[in-house]
Amino acid sequence: MPPIRVLNVAEKPSVAKEVSRVLSNGRASMREGQTPWNKIWEFEHRVQGQQCRMVFTSVTGHLMNLDFTGGARKWGGINARELIDGAPVEKMVSSGKEKTAENLRREARNAAWLILWLDCDREGENIAFEVMDVCRGVKPTLRILRARFSALSHNDVTRALNALVAPNENESKAVDMRQELDLRLGASFTRFNTMLLQNRFRLPGANEDGRGAVVSYGPCQFPTLGFIVQRKWDQARSPYTGGGGGGGAGAVNPDAGAAAEFAWARERLFDEGLARTLFGFVQTARIATVTNEGGRETKKWPPVPLNTIEMQKRVNRACRISPAEVMKVAEELYNAGFISYPRTETDAFPKDFDFAGIIGPLTNHHVFGFHARALSAPSNRFRFPGNGGHDDNAHPPIYPTKLATERDYDAWRRDGKMNQIKIYDFVARHFLATCSLPAIAHKTTVEIEIGGEAFKATGVMIKEMNYLDVYGKGPVGGPRFDVSYDGWANNTLPTYAVGQRFEPTELSLAPGATQPPQLLSETDLLQKMENHQIGTDATQAQHIEKVVGERGYAVKVGDNRLRPTELGEALCAGYYRMGLEDMWLPTKRAVMEADVNRVALGQLDVPTGKRNTTTPMLDAFRDLERKQRMLVDAVAEFV
């Protein structure tokens, strides 16, 4: 009996190549497909107890796109309001992807089964249904199965092939609904904004005759801009209080000869006269008396396992790499088999996770192998990682899936891919840190009294670095790291005894003022987007990139901070003055995302989900038409 011919489709050519290599033990043959990038790999393999001829190819992301039909495609073809719920839309193979689709059709005609190896998130599920649609168009009788995997390691790939499931139609419908709503809302408000403003103002991106600029609106893009603008406004209206301040006393223990700085227990007063009066009492008394001294062991705990948002935030903070670039590089590392799937909300490992299988190869790493060895037998200082409390039920946390050798590092350096090194190192060091014991220190607190006022000093003496050996600057006497992700500085105090009296070497009253809130950093913005459900872990970095890069609604300033441009602030101000601040506040998008989730879980039908969003947005559009002069005036004021 001839083997069953099975068409396998991955989301990217590199994944098709790697899974074929893993399943065939490197013996797969390759032939050209209909495009230069969608190669076809073939090999024999047993699937569900039957001998199969595996034919493995790929798409390159989404195969289809959604667009309006007929006159609705043209600006001015219909009233922009009709785009919200009246104009018909159609999903079809994208321009430029027809040869990829033909590649699938050609292979599907001769196949009996179709196994879908698309990324295991909602977007991947949607692409899986696009592949199914194309393949069933030429072979309706195909048996269709879904492989679910989180890494391209041998264990993950073989486990996925032995546990094939049915594709999840609800998840695909949820993505279709979000795509349609984003298209309708984005197109309608973008066309209105642009046609209203581009003939009145010379806008960023305009050509020589002042035309060509697009004043874009996006249901995620505008709330992202809104966070940036709102912080600037909060900064402008923040009540800065001058005067007063905190007093501090520096003291020297005559026996130990070591300095300690004592802080005022009141911290600060906003009445400058009272602060100076109390400081006068302290200056008159001059002599400090130790009222309390104590010490205790304290621990600094390792981070929880790594999810997408935390990876973006930590790498951005420590390495100043933009969230969009972090995701781009992480995808490349995943496709090359170095890390697990980088788009996940999960920050807890399952109980049966193979820690030994991951840590073992890392013992040979040329820099941080020392710490992997400490977690392994016979040292066995391994600790089961903490639980961050999030599980997307699709992927585990991000972790290294294979050792990057010195040769890999040399290749990355030679190709100018230094961010690959930074992000691989971060993922590996974070994983090892989560598997480590907490750092331990002795924390000492000393309290003194001078002239009726209390002061306090705190010191820390680190006894065991543990996870900080790999997550901080490196162990004492061992390898040192260029980048530290966490730290705990030694700050030892001299010895004091209750009742001891001494004269401080310096007394000071520091004037101060409350500080306005800082502009948002990219890390702050990511956290706000996550808290308010603006975008997904797969798209949040892209929304920031659009607002800051493509649209010119915000710019980076100072220490990686985000400031709105004149146009960005004008748009939010204009919508605010019209009473349409909900268009850039996160509330509307959060409601829509909740409905998308309910559709994905099979708890809400798509027509109802769409109406829940389009009905209030139609009302908002009518308000915009009536009050459009307010938007024009706001742009005139700012731009």
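In the stretch 242-284, of all residues being loosely packed, with under 12 Cβ neighbours inside 10 Å and within 40 Å of the chain's Cα centre (by Cα), the one that is modelled with the highest pLDDT corresponds to GLU267. Within the span defined as the stretch 488-508, every residue fails to be surrounded by 13 or more Cβ atoms within 10 Å (Cβ to Cβ), in a loop (DSSP other than H, G, I, E, B), under 21 Å from the mean Cα position of the chain (by Cα) and hydrophobic (A, V, I, L, M, F, W, C). Restricting to the stretch 50-72, name every residue that is among the hydroxyl-bearing types (Ser, Thr, Tyr) and part of a strand (DSSP E or B). If the condition is that a residue be among the hydroxyl-bearing types (Ser, Thr, Tyr) and part of a strand (DSSP E or B), then THR57, SER58 are the ones that fit.
Taken over the stretch 402-414, the criterion of being out of contact with any Lys or Arg (no Cβ under 9 Å at 6 or more places or on another chain) and modelled with pLDDT of 95 or more is satisfied by LEU403, ALA404, THR405, GLU406, ARG407, ASP408, TYR409, ASP410, TRP412, ARG413, ARG414.
Of everything listed in (1) touching a strand residue (DSSP E or B) at 6+ places or on another chain (Cβ under 9 Å); (2) open to solvent by less than 60 Å² (accessible area, probe 1.4 Å), the single unmet condition for THR60 is (1). Checked against the criteria, HIS365 does not count as open to solvent by 30 Å² or more (accessible area, probe 1.4 Å) and either assigned to a loop (DSSP other than H, G, I, E, B) or over 25 Å from GLU125 (Cβ atoms) (or both).
Please indicate, with yes or no, whether at least one residue in the stretch 514-529 is loosely packed, with under 14 Cβ neighbours inside 10 Å and modelled with pLDDT of 90 or more. For the stretch 514-529, residues loosely packed, with under 14 Cβ neighbours inside 10 Å and modelled with pLDDT of 90 or more: present.
Residue-level analysis places GLY26 among those that are under 36 Å from the mean Cα position of the chain (by Cα) and surrounded by fewer than 19 Cβ atoms within 10 Å (Cβ to Cβ). The stretch 385-482 holds helices (runs of 4 or more DSSP H) entirely within its bounds, and those carrying 2 or more residues that are open to solvent by 60 Å² or more (accessible area, probe 1.4 Å) and over 22 Å from PRO305 (Cβ atoms) map to 406-414.
The values are calculated or read from the model by the stated rules, or taken from the named source; none is laboratory data. Given the structure is predicted, the values throughout are model-derived calculations rather than measurements. Every residue, glycine as well, gets a Cβ built from its backbone with ideal geometry; the counts of neighbours run over all protein chains shown. In case anyone asks, the SASA skips ligands and DNA or RNA and just uses the protein heavy atoms, side chains included. Shrake-Rupley method; radii C 1.70, N 1.55, O 1.52, S 1.80 Å.
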